[in-house]
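Peer 1: My structure is below; once you've seen it, I'll send some questions.
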Amino acid sequence: MQLLAAGKKKPYILDLSLANDQPCPLGIWLADRLSESLAHAHPELEVIARDRWNLVCQPAEFAHDRNQKYAQNEQRAQSLGAEVLIQGNFAGVRDGIGITLIASDHLAGGESQFEALAEIPVTTEMQAILTSSLPQRAELEGAFRASVGGIGSPLCKICPAPEYTYVAKAKKLQGVVITQLRVNTNGSVENVKIIRTPNPALSDAAVRSVRNWRFTAARNAQGESVSAIVDVAVAFRLDVIAPDPLAAAAGSAKSRGSVATAKVTCKKF
């Protein structure tokens, strides 16, 4: 088990949400059952009981985005003694429900992140809990959204740091460009789009770079490679690098950026 291998024994499972981060009564029920199942299957873990969540004071500040909300959840889970926070989402699939779970030990100062995928049948008990029809997992031209409803995330395999363009280098631009791209089943990249950028000059460099990256394809719950759409952050920083003697003699030195991608490995926890 990956949690034990990482030296973490106290997980807490958040309510599962729909693919669009919307709450759903079934997500609460699923989290309850998952927490019970994890505690039963692995008694060596100290699974934090979900009914303790309301014992912790809610944050006074309203969360304005999903990152702020997750940070608040980390603080609440940490106050309960949790070392690992497990979040997840679900969506309807052909034969039931697709589930993606992501576990992180960031709240305990770690850097480990694990992903688990599953597809389960819809029971009569689940049907009774649903107040409306379950949204189906979206598919666009044969590609799924990464880390949603039983689909995993692609893992960057060959992703060299982006080079600055002449304009970006001359203006000493820095910042993070958020791109969205499609990773095919062979790991190639296409349909690169800019979601957010601090400057158009960095956008050009980011697009040129990620088009040449190669990934390990995302997988579904059956372990099959699937095409996936994923957001990737490309960070540009003007680092001070000691010049190479040969490069200095030639009067040239290249400024390079750095890349930060949302890498999630498909490991069972």
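The values are calculated or read from the model by the stated rules, or taken from the named source; none is laboratory data. Fair warning: this is a prediction, and the values are worked out from it, not measured in the lab. For neighbour counting, all protein chains shown are included, and Cβ atoms are generated from backbone atoms with ideal geometry for every residue, glycine included. For the accessible areas, the whole protein counts, side chains as well, though only heavy atoms, and no ligand, DNA or RNA atoms are used. Shrake-Rupley method; radii C 1.70, N 1.55, O 1.52, S 1.80 Å.
Each row is one residue, and each column tells you yes or no for (1) open to solvent by less than 30 Å² (accessible area, probe 1.4 Å); (2) farther than 17 Å from SER35 by Cβ.
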| position | (1), (2) |
| --- | --- |
| GLU61 | no, yes |
| GLN68 | no, yes |
| GLU83 | no, no |
| PHE90 | yes, no |
| ARG94 | no, yes |
| GLY98 | yes, yes |
| SER104 | yes, no |
| GLY110 | yes, yes |
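Peer 1: Which of (1) farther than 28 Å from GLY92 by Cβ; (2) more than 18 Å from the chain's Cα centre (by Cα); (3) among the charged types (D, E, K, R) is the odd one out, the single condition GLU139 does not satisfy?
Peer 2: (1)
Peer 1: Then there is this: Restricting the search to the range 112-128, which residues are surrounded by 15 or more Cβ atoms within 10 Å (Cβ to Cβ) and of a type in the set (Val, Ile, Thr)? First the steps, then the outcome.
Peer 2: In the first step, residues of the range 112-128 are kept if they are surrounded by 15 or more Cβ atoms within 10 Å (Cβ to Cβ); the result is 112-120, 122, 126.
Passing the criteria: ILE120, VAL122.
Peer 1: Going through the range 162-182 one residue at a time, which ones are under 18 Å from the mean Cα position of the chain (by Cα) and closer than 15 Å to ALA233 by Cβ?
Peer 2: If the condition is that a residue be under 18 Å from the mean Cα position of the chain (by Cα) and closer than 15 Å to ALA233 by Cβ, then VAL176, VAL177, ILE178, THR179, GLN180, LEU181 are the ones that fit.
Peer 1: Can you spot a residue in the range 107-116 that is more than 17 Å from LYS8 (Cβ to Cβ) and in contact with a strand residue (DSSP E or B) (Cβ under 7 Å, 6 or more places away or on another chain)? Step through it out loud before you land on a result.
Peer 2: If we filter the range 107-116 for residues that are more than 17 Å from LYS8 (Cβ to Cβ), which is where we start, we get none.
No: the range 107-116 contains no residue that is more than 17 Å from LYS8 (Cβ to Cβ) and in contact with a strand residue (DSSP E or B) (Cβ under 7 Å, 6 or more places away or on another chain).
Peer 1: Follow-up question, since we're still on this one. Of the residues in the range 162-209, how many are among the aliphatic types (A, V, I, L, M) and part of a loop (DSSP other than H, G, I, E, B)? Steps first, answer last, please.
Peer 2: Looking only at the range 162-209, we keep the residues that are among the aliphatic types (A, V, I, L, M), and these are 167-168, 170, 173, 176-178, 181, 183, 189, 192, 194-195, 201-202, 205-207.
When the remaining residues are screened for being part of a loop (DSSP other than H, G, I, E, B), the result is 173.
Residues meeting the conditions: 1.
Peer 1: How about the range 135-186: which of its residues are of a type in the set (Ser, Thr, Tyr) and open to solvent by less than 40 Å² (accessible area, probe 1.4 Å)? Outline the logic, then answer.
Peer 2: First, the residues of the range 135-186 that are of a type in the set (Ser, Thr, Tyr): 147, 153, 164-166, 179, 185.
Within the range 135-186, SER147, SER153, TYR164, THR165, THR179 qualify.
Peer 1: If a residue must be modelled with pLDDT under 90 and among the hydroxyl-bearing types (Ser, Thr, Tyr), how many such residues does the range 163-202 contain?
Peer 2: 3
Peer 1: Check SER35 against each of (1) at pLDDT below 95; (2) buried (at least 19 other Cβ atoms within 10 Å of the Cβ) and name the one condition it does not meet.
Peer 2: Exception for SER35: condition (1).
Peer 1: Can you find a residue in the range 99-121 that is farther than 25 Å from ILE48 by Cβ and either without any contact (Cβ under 8 Å) to a residue 60 or more places away in the chain or of a type in the set (Val, Ile, Thr) (or both)? Can you show your working first?
Peer 2: Kept after step one, since they are farther than 25 Å from ILE48 by Cβ, are these residues of the range 99-121: 119, 121.
Those still in the list that are either without any contact (Cβ under 8 Å) to a residue 60 or more places away in the chain or of a type in the set (Val, Ile, Thr) (or both) too: 121.
Yes, some residue in the range 99-121 is farther than 25 Å from ILE48 by Cβ and either without any contact (Cβ under 8 Å) to a residue 60 or more places away in the chain or of a type in the set (Val, Ile, Thr) (or both).
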